[in-house]
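See structure below.
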Amino acid sequence: MTANDIDTWRSLPAAQQPEWPDSEALRDVLADLASYPPLVFAGECDQLRGRLASVARGEAFLLQGGDCAETFIGNTADAIRNKLKTLLQMAVVLTYAASVPVVKVGRMAGQYSKPRSQPVETRDGVTLPTYRGDAVNDLAFTPEARIPDPERLKRMYHSSSATLNLVRAFTTGGYADLRQVHAWNQDFVALSPSGERYERLASEIDGALRFMHACGVDPEEFRTVEFFASHEALILDYESALTRVDSRTGDLYDVSGHMVWIGERTRQLDGAHVEFASRIRNPIGVKLGPTTSPEDALALIDKVDPNREPGRLTFIIRMGAGKVRDALPALVEKVTASGAQVAWVCDPMHGNTFEASSGHKTRRFDDVLDEVKGFFEVHRALGTHPGGIHVELTGDDVTECVGGGDEIFVDDLHQRYETACDPRLNRSQSLDLAFLVAEMYRGH
Ligand code: PEP
Ligand code: MN
């Protein structure tokens, strides 16, 4: 393999790509990116593929979460720590209450570009190009802000690098030590119903740790946490510039993140994104919406996972609470019958978005929960494994989704509505979800 072998997607239609106004400027940026060091090591991608193989075999559960859209300005130490803390708390709840190993993957350190349903946005009679993520243009509603600027791709690389650096420091440097299980539950969340429930669980874990310590057991595994980074591989110029030949194996890896996924809007079988994904050795996710036919799913497997390798392909189901029970069984049945061993993961966010009377794009916590329930019911009925959840969340106390134990009402949405794209679960809603999913898992 040479790095040029990644370019086969260039002759195919690529949906959702920015229209960069200056192709020379883009070329210069891509040349710079191609000279930068990798953000992740190919061996780590292999490790994650191994973990996801356990998920596909029914021996582990995937927790994948983070912002819908990361932003450069939102990329602060506090925001990163709070997101990580939320994922660690959720993982502890799932590991302890459902007794299952949890594979932890952030929608972090690269989630800077967005596919959009509409190419333009109109406000008060003014129409401008739509916001496509900080990797492309700016959220501000002015003509200048919305012009795609390739220099932003470099900022995406550097922001991803800084995030990953801090996450690695936290997860290996003592912050994620299981003996910190109480410390993650400070500030506003501690007073919410889910925070109180978490506190009780943390005390049980504490007791178990003290017992083990007294017995002379103090395993190294409790001191650090294995954490991976993922994002949607949307802007193929960026992903290609960060695709490298692994010196150990000669294979191609997209070293912009450990796992990348293809979105519902770019999973065309003869399209550029699927072709790109088929060429790299990273674990690949594909989002599947309610109109996916079993034939589509099987064709995706043939293209992306021709060797039927557990861990290689994760199907991320996002059908909506009202559709998952009808649309998912045929997919799971036919894929299972084909002999493929994919990981099945539920994204209960993207099929449940609606516009509230206040004008905010939102999601109901109950719909999110109901989609996960439907997902579990389908797998229980078929004897297959509900392999994980993929959620949009933040560690902050935002008001973007309605409902939850510390209930947010439509009238509250304006208070802290901060997302650059889709509405996210806040920290206490995320914890609520983890407890409820752990109960479902235990009963499945
Ligand atoms: C997303 O994950 O933010 C997204 C756009 O999802 P989907 O491709 O499933 O619509
Ligand atoms: Mn989203």
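The values are calculated or read from the model by the stated rules, or taken from the named source; none is laboratory data. No experiment lies behind these values; they were computed from the predicted model shown. Here the Cβ is made from the backbone with ideal geometry for all residues, glycine too, and neighbour counts use every protein chain on show.
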- Are any of the residues in the range 293-303 assigned to a helix (DSSP H, G or I), without any contact (Cβ under 8 Å) to a residue 24 or more places away in the chain and among the small types (G, A, S)? no
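Within the range 33-80, which residues are charged (D, E, K, R) and in contact (Cβ under 8 Å) with a residue 40 or more places away in the chain?
Restricting attention to the range 33-80, the residues satisfying the condition of being charged (D, E, K, R) are 44, 46, 49, 51, 57, 59, 67, 70, 78.
Listed by number, the residues that qualify are E44, D46, R49, R51, R57, E59, D67, E70.
Residue-wise test of (1) of a type in the set (D, E, K, R); (2) on the phi > 0 side of the Ramachandran plot; (3) surrounded by fewer than 23 Cβ atoms within 10 Å (Cβ to Cβ).
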| position | (1), (2), (3) |
| --- | --- |
| P101 | no, no, yes |
| A109 | no, yes, no |
| P115 | no, no, yes |
| E121 | yes, no, yes |
| F141 | no, no, yes |
| R146 | yes, no, yes |
| S160 | no, no, no |
| R168 | yes, no, yes |
- Query: Between a first residue in the range 379-403 that is within 27 Å of K334 (Cβ to Cβ) and a second residue that is within 16 Å of ligand 1 (Cβ to nearest atom) and of a type in the set (S, T, N, Q), which pairs have beta carbons less than 6 Å apart while being 6 or more apart in sequence or on different chains?
  - Reply: H390/Q64
- Item | Test for V105: is it within 16 Å of ligand 2 (Cβ to nearest atom) and either assigned to a strand (DSSP E or B) or on the phi > 0 side of the Ramachandran plot (or both) | yes
- Candidate set from the range 123-139 (those that are in a strand (DSSP E or B) and surrounded by fewer than 17 Cβ atoms within 10 Å (Cβ to Cβ)); member that is farthest from ligand 1 (Cβ to nearest atom): V126
- Counted residues, the range 227-254 - those being surrounded by fewer than 24 Cβ atoms within 10 Å (Cβ to Cβ) and without any contact (Cβ under 8 Å) to a residue 40 or more places away in the chain: 1
- Query: When residues of the range 268-307 are filtered for being in contact with a Gly (Cβ under 9 Å, 6 or more places away or on another chain) and either farther than 21 Å from M1 by Cβ or within 16 Å of ligand 2 (Cβ to nearest atom) (or both), how many remain?
  - Reply: 4
- Item | Selected residue [away from ligand 1 (no atom under 16 Å from the Cβ), loosely packed, with under 15 Cβ neighbours inside 10 Å, closer than 30 Å to G404 by Cβ and touching a residue at least 40 places away in the same chain (Cβ under 8 Å)] from E151, E204 | E204
- What number goes with the only condition from (1) of a type in the set (A, V, I, L, M, F, W, C); (2) surrounded by 23 or more Cβ atoms within 10 Å (Cβ to Cβ); (3) part of a loop (DSSP other than H, G, I, E, B) that V391 does not pass? (3)
- Task: Identify all residues within the range 340-376 that are out of contact with any Gly (no Cβ under 7 Å at 6 or more places or on another chain), within 16 Å of ligand 2 (Cβ to nearest atom) and assigned to a loop (DSSP other than H, G, I, E, B); write none if there are none.
- Result: D347, P348, M349, H350, H360
- Query: Filtering the range 408-444 down to residues that are at pLDDT below 95 and more than 19 Å from R200 (Cα to Cα), which residue is nearest to ligand 2 (Cβ to nearest atom)?
  - Reply: H444
- Inter-residue pairs, beta-carbon under 7 Å, first free of Cβ contacts under 8 Å to residues at least 40 places away in the same chain and closer than 16 Å to L209 by Cα and in the range 89-102, second of a type outside the set (V, I, T) and surrounded by fewer than 18 Cβ atoms within 10 Å (Cβ to Cβ), 6+ apart: T95/P101
